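In what follows, a single structure is set out as structure tokens and then discussed.
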Amino acid sequence: MLTDLAADRRVVVVGGKGGVGKTTVASALALAQARAGRSVLVVSTDPAHNLGHLWRRRVGDGVVRLADGLDGLEVDPARTAEEHLRAVARTMRRLMPEHLAGEVDRHLALARDAPGTHEAAVLERLAEVVEDAPHDLVVLDTAPSGHTARLMALPETMSAWTEGLLRRQERSSRFGAALRALGAEDEEAAGVLGGGRPRDRRTDRDAEIRRVLLRRRARFTHLRDLLTDEERTVFAVVLAAERLPVLETLELHAQLERTGVAVGALVVNKRSPADAGELLARRRAQEEGHLAHLRDRLPGVPLVELPLLAEEVVGEDALGAVADLLTRAPARPPRTS
Ligand SMILES: Nc1ncnc2c1ncn2[C@@H]1O[C@H](COP(=O)(O)OP(=O)(O)OP(=O)(O)O)[C@@H](O)[C@H]1O
Ligand SMILES: [Mg+2]
């Protein structure tokens, strides 16, 4: 079912609480699609990466081959944020008058530790990866819930923010044009840019700021459009059939809905077997109760189950077995009562 949903899409986002099996499901699903002949990239945005552990190889902040037709990438938030800030600093220094260089540095030093900086940088990187990846399918293995919901809301926030900057920039360049029309010389620009015709330099600078902002806005808008388009993106929430995880899944569903992202599938992982002793049978009965609640609250969302396996899922063979389970798993029909 989940593999069918993934089959004609460009992006699968896998979210859910810590330790429920997001990386396992993301990797298995990616492998299933690669084996079905698509080229696939699985990207981890979780600062505590375990893609490498799962595939028994070093995956880092650069694309590596994991299996035939399948590549992997672990986005390093700290490094991404550093690089992002360095790039912003370069642009700002080029565009700001020289006497403000100290100001630019102070501002960026503060931004380094400001809340949201890492997330914004990771998001911009994701936008780039999704836009540029030559692969047919990109599977995003995300960090635990709260982070994911914020990440999904961020494209909207970031493009609104960029929009505001653009409007301010427009006003200030109109103001500049008015001043120039009145014959006022732009001494500041003349000083910084070392002569030349200040009027033209100022106009170039305005145009460049505008170009940078427009590019950024386009990138965020593009990502938001992609993530909220159910034809191109499916969001899968992985969970355990327990009380708290079910409640958190409902909360995540609501948060995502507010940002315009629909949950396309629920993957209930580590289901206890009914035929392996009394303890597990009793657990299974309890799980049924929690799942019934989930079905009642989210009747329309397809749900698949994966059994609790005897061993940890590590390496291509084990992931292949999970991929087969995912491909064969029937979807529970939506509850009608
Ligand atoms: N169906 C299963 N049966 C048994 N073990 C499983 C199953 N699914 C996942 N696991 C194991 O559970 C552990 C957690 O899985 P995984 O790393 O995929 O979770 P995660 O949601 O990505 O965790 P985190 O939030 O820390 O990134 C791993 O050791 C994995 O091998
Ligand atoms: Mg993980």
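The values are calculated or read from the model by the stated rules, or taken from the named source; none is laboratory data. Small disclaimer: the values here were computed from a predicted structure and weren't measured. Every residue, glycine among them, receives a Cβ derived from its backbone with ideal geometry; neighbour counts consider all protein chains shown. Remember, those area values only see protein heavy atoms, side chains included, never the ligands or the DNA or RNA. Shrake-Rupley method; radii C 1.70, N 1.55, O 1.52, S 1.80 Å.
Subtracting the Cα-Cα distance of A78 and E230 from their residue separation scaled by 0.36 nm leaves 51.6 nm. GNM remark for the chain: springs join alpha carbons under 10 Å apart, and the peak mean-square fluctuation among E119, E103, E82 falls on E103. Each 10 Å bin from zero holds the following percent of Cα-Cα pairs in segment 216-292: 17, 36, 24, 14, 7, 2.
Starting from the Kirkwood radius over alpha-carbon pairs of segment 15-65, derive D by Stokes-Einstein at 25 °C in a medium of 0.890 mPa s and give it in µm² s⁻¹.
Calculated translational D: 210 µm²/s.
What the Cβ-Cβ distance of M96 and V63 gives, at R0 = 30 Å and to the nearest 0.05, is a FRET efficiency of 0.30. Per residue, the convex hull spanned by the alpha carbons of segment 64-178 comes to 143 Å³. Between D204 and A87, the modelled label-to-label distance comes to 2.3 nm, taking each label 7 Å out from Cα in the direction of the beta carbon. Residue order by solvent-accessible surface for K22, K17 is K17, K22, largest first, with ligands and nucleic acids left out and a 1.4 Å probe. Within the listed set G264, G21, G164, the Gaussian network model of the chain (springs between alpha-carbon atoms below 10 Å) gives the highest mean-square fluctuation for G164. When you restrict to C-alpha pairs under 8 Å that are six or more residues apart and normalise by the size of the chain, the relative contact order lands at 25 percent.
Short to long, the 10 Å bins of the Cα pair-distance histogram for segment 57-127 hold 19, 37, 26, 13, 5, 0 percent of all pairs.
Helical runs (DSSP H, four residues minimum) scored at -39500 (n - 2.57) apiece and divided by the length of the chain put the mean residue ellipticity at 222 nm at -19000 deg cm²/dmol. Carbon-plus-sulfur accessible fraction, the chain (probe radius 1.4 Å, protein heavy atoms only): 52%. Binning the C-alpha pair distances of segment 235-337 at 10 Å intervals from 0 yields a P(r) profile of 14, 43, 34, 9, 0 %, listed from the shortest bin outward. Taking all protein chains as they are arranged and a probe of 1.4 Å, the heavy atoms of D317 leave approximately 130 Å² accessible to solvent.
Among A177, A318, A67, the residue with the largest mean-square fluctuation in a Gaussian network model of the chain, with springs joining Cα atoms closer than 10 Å, is A177. Taken along its principal axes, the alpha carbon cloud of the chain reaches lengths of 88, 44, 34 Å, longest axis first.
Take every DSSP beta bridge whose two residues both sit in the chain; close to 15 percent of them are antiparallel. Computed over the alpha-carbon atoms, segment 3-120 gives an Rg to Rh ratio of 1.13, Rh here being the Kirkwood radius from the mean inverse distance. Relative to the longest principal axis of the Cα atoms of the chain, the long axis of helix 243-258 lies at roughly 40 degrees.
Residue separation of V104 and T157 scaled by 0.36 nm, minus their Cα-Cα distance, works out to 16.8 nm of gained length.
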